[in-house]
Amino acid sequence: MQSFYNKAIAGLLGLVVASVLIGYVCLHLTYLRLPLLPAAESGLQWQSEPGADNGQSTVKLLDDAATLSYEFTVVKAVEYPYSRVELAFRDRAGRPALVDLSRYSTVSFDIKCAPSNTLQFGLLMPEDHVSTPGDYTTYRLPYAYFICNERGDRVEIDLARLRTDQWWFYAFKMNLAQQDYRRNKIAKISISSTFQSPYRVLSKVRIKDMVLLGRDMHYMYLFGGFLIIAWPAYGLWFFRRYPRVLRAEVKDKMRRDIPLVAYQQLSRDLHKDREQSTILRFMATEYVNPELDVETMVNEVGLSRNKINEILKAELGFTFSTYLNKLRLTEAARLLGEKEDTSVAEIAYAVGYRNVSYFNKLFKEEYGCTPKTFRKLRDNAPDSTGS
């Protein structure tokens, strides 16, 4: 059984380690990170597009490689003045493209503004049955406001909670309640001035380390599938293998212990010398006596305690108490297999035990299972003892 237990423990530890490692890898993979800036590290192809209103507002791009740096001036010469820089997504051929950002829930970036400013972050996307492809004035622009200053700060924007201006719903006759939008077709990312941006003041903006963040729980589902399959499979292997191993162990144990069975031992005593024969014969006949101990044997056979233990140790490799329990338990095993109608308690008393719980404890230590389990194993196994 020890070999089986070693394999079971090794398998269990291996399964635990595998579960921890796979769980860690899957958890790590659920965290999505898609850089946009610097441009050389970007996971998407894009092209910067500065733009301003048709009035006197201006915008000048300074850098779009390591950072997105630009300067602008907003002049209130039209009803809705603005200056902006957009990241327009492109395909490999450099043509305008729509990208799927539905797996990303947050955009994060470092930004500095001089002077302090309130800007707008937006996602430009076509709306089904409303937008005209390529006509960005018909595209939906969900947005969020954020503050920046000369000290610089890290900004995080929830992409799932952007809002759309009322005029857009009015212009395209859509219900204001239709605030939901999908991020699977994004044409541009827009950074724009707002009505709180300073007018007729040269404003500078520097954005770096822009990254899209998200979670993909499919990996955790895969991990859950692994747990659902691997752990029950291990349990099934263990509980199917354990009875077979235990049955084989019991049969081997009985085969090895059969010479100790009391009713067979007497026929073997003829080959021993007088002292050995006396000791073995006495124990073979008196083991059922619950009062039997080494002192009783000393008085009955006339040999010293040391001599008795010396002979038993040399002949069988046991001390008196160990050999006595061997005799009793081996006989109990025989009775359990042959006397199906006899209770465990009756068999315990029959072989010299007064305490059934103590008998059960010793029996399990000897055979690796309880007497009731042993009886079931014997019932399901062919007789290999010859008894």
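Only the coordinates and a few stated rules stand behind these numbers; no lab work does. Quick caveat: nothing in here was measured; it's all calculated off a predicted structure. All Cβ positions, glycine included, derive from the backbone under ideal geometry; neighbour counts span all protein chains shown.
Summary of computed values
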read-out: Gain in span if fully extended, Asp63 to Arg103, counting 0.36 nm per residue against the direct Cα distance; value: 11.6 nm
read-out: Proximal lysines relative to Lys60, as straight alpha-carbon distance under 27 Å, when same-chain residues fewer than 8 apart are discounted; value: Lys76, Lys112, Lys188, Lys204, Lys208
read-out: Approximate spin-label separation Leu15-Lys204, in nm, with each point projected 7 Å along Cα-to-Cβ; value: 6.4 nm
read-out: Euclidean distance between Cα centres, the stretch 56-119 to the stretch 271-301, Å; value: 101 Å
read-out: Positive-end residue, the chain charge dipole about Cα centroid, Cβ charges, pick of Leu335, Gln196, Ile186; value: Ile186
read-out: MRE, 222 nm, helices only [DSSP H, n ≥ 4, -39500 (n - 2.57), over the chain, to nearest 500]; value: -13500 deg cm²/dmol
read-out: Rh (Kirkwood; distinct C-alpha pairs) - the chain, Å; value: 29.0 Å
read-out: FRET efficiency estimate (nearest 0.05) - Cβ-Cβ, Arg241 to Thr296, R0 35 angstrom; value: 0.20
read-out: Free-standing Cys, the chain [no other Cys Cβ under 4.7 Å]; value: Cys26, Cys369
read-out: Gain on full stretching of the segment that runs from Ile147 to Tyr5 - 0.36 nm per residue minus C-alpha separation; value: 44.7 nm
read-out: Whichever aspartates and glutamates have a C-alpha closer than 12 Å to that of Lys185, once near sequence neighbours (fewer than 8 apart) are set aside; value: Asp100, Glu127, Asp128
read-out: Charge dipole magnitude, Cβ of K and R +1, D and E -1 - the chain, Cα centre, debye nearest 20; value: 320 debye
read-out: Proximal aspartates and glutamates relative to Lys361, as straight alpha-carbon distance under 18 Å, when same-chain residues fewer than 8 apart are discounted; value: Glu249, Glu331, Glu346
read-out: Taking N as its residue count, the alpha carbon Rg of the stretch 261-379 over 2.2 N^0.38 Å; value: 1.09
read-out: Kyte-Doolittle mean at least 1.0 and Cα axial length at least 18 Å: DSSP H helices in the chain; value: 2-30
read-out: Within the stretch 36-216: Cβ-based charge dipole about Cα centre, in debye rounded to nearest 20 (Lys, Arg +1; Asp, Glu -1); value: 80 debye
